[in-house]
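Right, one structure below, let's go through it.
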Amino acid sequence: MTQQPSKAIHVTLWVAQAVLALSLIMGTFLKFMPIEKVSSMMPWTGQVPEMIVRLLGIVDLLGAVGLILPALLRIKPQLTPWAALCTVALMLCATIFHISRGEASVIGFNLFCIVLAAFIAWGRFKKAPIAST
């Protein structure tokens, strides 16, 4: 006999999904600003090819979409925890990238996103599936 997850965990997971998705959307907008402007906020963007910055903006957008739409529309909701796991991988790569550049002081946001995405993956895989498949 399995125990039904509480409504509080569902609400908490939705809040976490919204916060993480909004953070990723913010990253998307930043990465599509003129490089000269964004590099004043994120110096690395002026030191890698512009196409990489834009591609990472698209990856951020896809992550945000994957965190919200499958669950919200109940179309392939099992994609939501996978999007969360991919976000963990993305943020781990970003953390390693910043540390390799001697920018360990800026990884706080990446670590926050890792924790949030891992919580979403855990919750949606095990504790609070959106709908039975």
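The values are calculated or read from the model by the stated rules, or taken from the named source; none is laboratory data. Note that the structure is predicted; figures quoted are calculated from it, not measured. Glycine also receives a Cβ, built like all others from the backbone with ideal geometry; neighbour counts cover every protein chain displayed. Accessible surface areas use protein heavy atoms only, side chains included; no ligands, DNA or RNA. Shrake-Rupley method; radii C 1.70, N 1.55, O 1.52, S 1.80 Å.
Please express the Cα-Cα pair-distance distribution P(r) of the range 1-87 as a list of whole percents, one per 5 Å bin, running from 0 to the bin with the greatest distance.
Calculated P(r), rounded to whole percents: 3, 14, 20, 19, 14, 11, 8, 6, 3, 2, 1, 0.
Once phi is turned into θ = phi - 60°, what whole-Hz ³J(HN,Hα) does the Karplus curve with 6.51, -1.76 and 1.60 give for every residue of the range 91-104, x standing for Gly and Pro?
Using θ = phi - 60°, the values come out as 6, 5, 4, 5, 4, 4, 4, 5, 5, 5, 9, x, 10, 4 Hz.
What is the Cα centroid distance between the range 12-76 and the range 90-106, reported in whole angstrom?
Going from one Cα centre to the other spans 16 Å.
Sort M33, M26 by heavy-atom solvent-accessible area, probe 1.4 angstrom, most to least.
Working: M33 50, M26 110 Å².
Putting M33, M26 in descending order of accessible area: M26, M33.
Under a 1.4 angstrom probe, counting protein chains only, how are I107, I75 ranked by accessible area, largest first? Please report the intermediate quantities before stating the final value.
Working: I107 25, I75 110 Å².
Final ranking, largest accessible area leading: I75, I107.
What are the ³J(HN,Hα) couplings of the range 60-77, residue after residue, when phi is run through the Karplus curve with 6.51, -1.76, 1.60 and θ = phi - 60°? Round to Hz, x for glycine and proline.
4, 5, 4, x, 4, 4, x, 6, 10, 4, x, 6, 5, 8, 6, 10, 6, x
Please report the net charge: other residues with Cβ closer than 11 Å to the Cβ of R54, K and R +1, D and E -1.
Details: positive: K31; negative: E50, D60.
Overall, the nearby charge balance is -1.
When the accessible area of the chain is computed with all protein chains present and a 1.4 Å probe, what percentage of it is carbon and sulfur?
Numbers: 5900 of 8090 Å².
Of the solvent-accessible surface of the chain, carbon and sulfur hold 73 percent.
Using θ = phi - 60° and the Karplus form 6.51 cos²θ - 1.76 cosθ + 1.60, what ³J(HN,Hα) does each residue of the range 22-27 get, whole Hz, x for Gly and Pro?
Along the range 22-27, the couplings run 5, 5, 5, 5, 4, x Hz.
Averaged per residue, what accessible area in Å² does the chain show with a 1.4 Å probe, protein chains only? Walk me through the numbers on the way to the answer.
Values: 8090 Å² over 133 residues.
I get 61 Å² per residue for the chain.
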